[in-house]
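A short worksheet on the structure shown next.
The values are calculated or read from the model by the stated rules, or taken from the named source; none is laboratory data. Everything numeric here is computed off the predicted structure, so don't read it as measured data. Backbone-built Cβ (ideal geometry, glycine too); neighbour counts: all protein chains shown.
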Amino acid sequence: MYYTLRVTRGSFTYILSEIGDEISRQVTPMRKAVTPNRRLEKALYHLAPTAEYRTIGNLFGVSVAFVFTCIKEVCVRGY
């Protein structure tokens, strides 16, 4: 998967260690939280080949709104 994101595994791990706490969410009785590494994958996939939100949503099996939220959380720190 890292070749698609155009980052090395080490770079991915470094980015995740820097912002992982900020983009993590709690598991609730209503739903399971998406892990920070999955959120980061979606944002990096958008930045690497500049795919559209709909394409990323279809690829990962999530909604367009969720893709937008992941990108916003990863790219805009302190929103």
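Of Arg9, Arg25, all but one fail to be loosely packed, with under 13 Cβ neighbours inside 10 Å and either modelled with pLDDT of 90 or more or not hydrophobic (A, V, I, L, M, F, W, C) (or both); the exception is Arg9.
For (1) of a type in the set (D, E, K, R); (2) loosely packed, with under 11 Cβ neighbours inside 10 Å; (3) modelled with pLDDT under 90, each residue gets a yes or a no:
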| residue | (1), (2), (3) |
| --- | --- |
| Met30 | no, yes, no |
| Thr35 | no, no, no |
| Tyr45 | no, no, yes |
| Ala48 | no, no, yes |
| Arg54 | yes, no, no |
| Phe60 | no, no, yes |
| Val64 | no, no, no |
| Phe68 | no, no, no |
| Glu73 | yes, no, yes |
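Note on segment 38-53: residues that are in contact (Cβ under 8 Å) with a residue 12 or more places away in the chain and more than 21 Å from Ser11 (Cα to Cα) total 1. Pick from Tyr45, Tyr14: which is out of contact with any helix residue (DSSP H, G or I) (no Cβ under 9 Å at 6 or more places or on another chain), assigned to a helix (DSSP H, G or I) and under 14 Å from Val74 (Cβ atoms)? Among Tyr45, Tyr14, only Tyr14 is out of contact with any helix residue (DSSP H, G or I) (no Cβ under 9 Å at 6 or more places or on another chain), assigned to a helix (DSSP H, G or I) and under 14 Å from Val74 (Cβ atoms).
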